[in-house]
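To start, the structure under review is shown below, and the notes come after it.
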Amino acid sequence: MLEANINELERRFQEKIDNDQKIEPNDWMPDNYRQTLIRQISQHAHSEIVGMLPEGNWITRAPNLRRKAVLLAKVQDEAGHGLYLYSATETLGADREETIDDLHSGKAKYSSIFNYPTLSWADMGVIGWLVDGAAIMNQVPLCRCSYGPYARAMVRVCKEESFHQRQGYEIMMTLAKGTPEQKAMAQDALNRFWWPSLMMFGPNDAESTHTAQSMAWKIKRSTNDELRQQMVDITVPQAELIGLTIPDPDLKWNEEKQGYDYGEIDWDEFWSVVKGNGPCNKERVDARRKAKENGEWVREAANAYAAKQKMKKAS
Amino acid sequence: MGARSGKCICGEAKNEKSILIKKDFSKMANNEWPLWEVFIRSKQGLSHKHVGSLRAPDAEMAVENARDVYTRRSEGISIWVVESNNIHASHPSEADSLFEPAHSKVYRHPTFYDVPDGISHM
């Protein structure tokens, strides 16, 4: 295609975006827009799928039937969210099988938070409260993302995840009101997950390489630091209400900016986990790979059954 | 990351899923399941509406998977699944010639007509 044509197409594309029109799968889009979306949506899908593992760890040990039913429903939702998102990557021309294999080979990334272990039942509480809370904060603006299928998937995901956060907070509240041991367990979970939860929003704006372009394309609607600040401001009073302490000695209300100042994030830890050296990176990817291998015979059987039914119908 | 160049899409794809169909043929050898579009009727009296897609080896399993993926919160009372490569769609580049003719025919709308004040039931 002539360069002049491409420039014209790009101009019209950006005009659509500036007018808040959605881009749909078959519309012309710049290659970089497509690649950026495929990278972001597939990472998001992988995060949903890997995110099942730390929680799946506690299904058999949930303290009662109510909690167990809730945890099962939540984990099942995460599987569903992964599926919506893999479908969205397919509308961009990504190959589903290859996308999943990229996770298994370590080529693709997923949210680093899932590389931390879940050591106690309170971790189910803190994950729902903070990890799902941070995810929702990220995803609500994505409901207005310029790419139609991603935005629609986010609407469904956000609707479903609001219970995830509430059930987590309920667990924390129950533990905080319980015996001293239970309260200590809740505090310990908060201590371990607070900083990794803030890291979920990604590097500081100054260091975030994709932010400017993604904002211009309306793939991203708020910057990492804006969202992180919102998260801190919303969460601090929630912790206070149930008598838990945010593990940050530098946390202080700033009257001028009407928000909290908070301590420095340990970015060395963040990058180390992103690069694969977190406590559970290997375990998580191994578990996914094993799940695919162990499910092979089920998929084979389903194919054989489908072929047989087809033959029966034909004869 | 698993993506091909976006080039093939502009102006060539004749329907929404045609680039996927091309890929599907090569993938069949790997037993990748066909793609299905899912439509849900949310209640009696409403039409089925597209909600998304999924992969399944056959129609029966596509319906069962659609139940689990798209109706976990009583979103539907009826499911349609259609294999994606059976969907034929208009192309965005043809949108002008297809839909522009309707834009100039404002007299097809009731608001086009002058009606004196005081007239009701019209």
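The values are calculated or read from the model by the stated rules, or taken from the named source; none is laboratory data. From a predicted model like this one, the values you see are computed outputs, not experimental measurements. In this analysis, Cβ positions are derived from the backbone assuming ideal geometry, glycine residues included, and neighbour counts consider all displayed protein chains. These area figures cover heavy atoms from the full protein model, side chains too; ligands, DNA and RNA do not enter into them. Shrake-Rupley method; radii C 1.70, N 1.55, O 1.52, S 1.80 Å.
Descriptive notes on the structure:
- Some residue of the stretch A:49-61 being away from chain B (no Cβ under 12 Å), within 26 Å of A:Gly278 (Cβ to Cβ) and basic (Lys, Arg): yes
- Taking the criterion of being of a type in the set (Gly, Ala, Ser) and surrounded by 13 or more Cβ atoms within 10 Å (Cβ to Cβ), the residues of the stretch A:275-315 that qualify are A:Gly276, A:Gly278, A:Ala287, A:Ala291, A:Ala302, A:Ala306.
- Of all the listed residues (A:Met215, A:Met200), the sole one being open to solvent by 50 Å² or more (accessible area, probe 1.4 Å) and among the hydrophobic types (A, V, I, L, M, F, W, C) is A:Met215.
One line per residue, one yes/no per condition, for (1) part of a loop (DSSP other than H, G, I, E, B); (2) hydrophobic (A, V, I, L, M, F, W, C); (3) within 15 Å of A:Ile242 (Cα to Cα):
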site: A:Ala108; (1), (2), (3): yes, yes, no
site: A:Ile113; (1), (2), (3): no, yes, no
site: A:Asp132; (1), (2), (3): no, no, no
site: A:Cys145; (1), (2), (3): yes, yes, no
site: A:Gly168; (1), (2), (3): no, no, yes
site: A:Gly178; (1), (2), (3): yes, no, yes
site: A:Gln187; (1), (2), (3): no, no, yes
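- Condition broken by A:Arg144, with the remaining ones in (1) open to solvent by 10 Å² or more (accessible area, probe 1.4 Å); (2) more than 16 Å from the chain's Cα centre (by Cα); (3) farther than 28 Å from A:Gln21 by Cα satisfied: (3)
- Among the residues of the stretch A:17-42, those identified as farther than 14 Å from A:Gln213 by Cβ, charged (D, E, K, R) and surrounded by 16 or more Cβ atoms within 10 Å (Cβ to Cβ) are A:Lys22, A:Asp27.
- Per-region count, the stretch A:256-274, residues closer than 19 Å to A:Leu227 by Cα and either in contact with a Phe, Trp or Tyr (Cβ under 7 Å, 6 or more places away or on another chain) or open to solvent by 70 Å² or more (accessible area, probe 1.4 Å) (or both): 7
- Top-ranked residue of the stretch A:89-100 - restricted to ones that are assigned to a helix (DSSP H, G or I) and touching a Lys or Arg at 6+ places or on another chain (Cβ under 8 Å), ranked as surrounded by the fewest Cβ atoms within 10 Å (Cβ to Cβ): A:Glu97
- Considering residues of the stretch A:115-130 that are assigned to a loop (DSSP other than H, G, I, E, B) and of a type in the set (Phe, Trp, Tyr) only, the residue farthest from A:Tyr33 (Cα to Cα): A:Trp121
- Restricted to strands (runs of 3 or more DSSP E) entirely inside the stretch B:25-118, those with at least 1 residues that are open to solvent by less than 70 Å² (accessible area, probe 1.4 Å) and more than 10 Å from every other protein chain (Cβ to nearest Cβ) are B:35-41, B:78-83.
- Some residue of the stretch B:71-82 being touching a Gly at 6+ places or on another chain (Cβ under 7 Å) and within 29 Å of A:Glu98 (Cβ to Cβ): yes
- Of the helices (runs of 4 or more DSSP H) lying entirely inside the stretch A:238-315, the ones with 1 or more residues being within 26 Å of the chain's Cα centre (by Cα) and within 14 Å of chain B (Cβ to nearest Cβ) are found at A:281-294.
- Scanning the stretch A:159-192 for residues that are under 15 Å from the mean Cα position of the chain (by Cα) and at pLDDT 95 or above, we see that the one that is least open to solvent (accessible area, probe 1.4 Å) is A:His164.
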